[in-house]
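The values are calculated or read from the model by the stated rules, or taken from the named source; none is laboratory data. Predicted, not measured: the structure shown is a model, and the values here were computed from it. Because the Cβ atoms are built from the backbone with ideal geometry, glycine has one as well, and the counts that use them run over all protein chains shown.
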Amino acid sequence: MTAPFVQANTNGRLHSAHEPSIAPLNRGFLYGDAIYEVWRTYHGVIFAWDEHWARLERSARALHLTLPLAAAPMLTVIKQTAAAWREATGDDSEIYIRLQVTRGGGAIGLDPALADQSDFVILVQKLSLPTAEMIRTGLKLSRATTLHRNSPATLDPAWKTGNYLNNILTLREAKARGADEVLMTNLAGELTEAAVCNVAFARGGEVFTPPLTAGILGGITRQLLLEKIAAAAGVVAREATLRLADLTAMDECFLTSTTRDVQPVRAIDDVAFRVGGDTVAMRLKAAFADYADEYARTRPELAA
């Protein structure tokens, strides 16, 4: 089976992602000394550009890492990379865009002063979306039992870095039990998030999602849901500290992320939730689609 074409751009050089482009001394490769962001398009328009860029800047400040380009020139390079992907594939589908920034290369050693200068890699590929069946039936989650989510007092999950071993290992555990995704708890036993998504619950028509202080990534879709989407759907949404014992009191569960927007969940281990067209999750999903449509219509300068 032929792998789908992935367009890459390393420090301004366009090439296939299957070609090498960084040196073995790159600190992103050696130490995970890197940050990244992911965007997707709706109707060919890069969605939530400003929100994702602001989070990239926060991650850079947290790691004392200098971004190689400012927002405007980086947007230009991203558009060039997207255009190269479309030319190479002849595909006008929605796309997935990943920008990774590393501290650069240099002599071997942990000291950040050994790095020469930051660099970047952009990856563009066709966006992989949940199928209609996945949305209709919902995903199965399983809670992590061997590891907990990183504490914000150690490596803060709010920083979108190249260090994902915590997520990888907990997801591996959940997958080994036949689940689609994992639900992680923090050291205090509070619910946090899935490996690559934020999590939310509905009860009595109200939505609850773990607070940032629990130790989670501040997801852009989660942020939009709390600030705009829920109100547009006539739903009250708020942060709440939740524990495993609270799961049985919830009517629904769903995930939020850039690539999934709102993804229903049918069960977490042996706790089942409502799924289907008449759920709060699907009301939010429809409201999010309306918001994304309006965003694409009013931001033609972000077409890619």
Single match in ILE97, ILE78 (criterion: in a strand (DSSP E or B) and of a type in the set (A, V, I, L, M)) = ILE97
ASN150 crowded, with 16+ Cβ neighbours inside 10 Å, of a type in the set (S, T, N, Q) and modelled with pLDDT of 95 or more = no
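Conditions (1) in a loop (DSSP other than H, G, I, E, B); (2) touching a Pro at 6+ places or on another chain (Cβ under 8 Å); (3) surrounded by fewer than 19 Cβ atoms within 10 Å (Cβ to Cβ); (4) at negative phi, marked per residue:
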{"site": "PRO20", "(1), (2), (3), (4)": "yes, no, yes, yes"}
{"site": "LEU25", "(1), (2), (3), (4)": "yes, no, yes, yes"}
{"site": "GLY28", "(1), (2), (3), (4)": "no, no, no, yes"}
{"site": "ARG61", "(1), (2), (3), (4)": "no, no, yes, yes"}
{"site": "LEU67", "(1), (2), (3), (4)": "yes, no, yes, yes"}
Is the stretch 181-197 home to any residue that is at pLDDT 95 or above, farther than 14 Å from ILE268 by Cα, buried (at least 23 other Cβ atoms within 10 Å of the Cβ) and within 15 Å of the chain's Cα centre (by Cα)?
-> yes
Answer yes if at least one residue in the stretch 219-236 is over 18 Å from ARG40 (Cβ atoms), surrounded by 21 or more Cβ atoms within 10 Å (Cβ to Cβ), in contact with a Pro (Cβ under 7 Å, 6 or more places away or on another chain) and modelled with pLDDT of 95 or more, and no otherwise.
-> no
If you go through the stretch 171-178 one residue at a time, do you hit one that is surrounded by 19 or more Cβ atoms within 10 Å (Cβ to Cβ) and in contact (Cβ under 8 Å) with a residue 40 or more places away in the chain?
-> no
Tell me, yes or no, whether the stretch 76-94 has at least one residue that is buried (at least 21 other Cβ atoms within 10 Å of the Cβ) and in contact with a Pro (Cβ under 8 Å, 6 or more places away or on another chain).
-> no
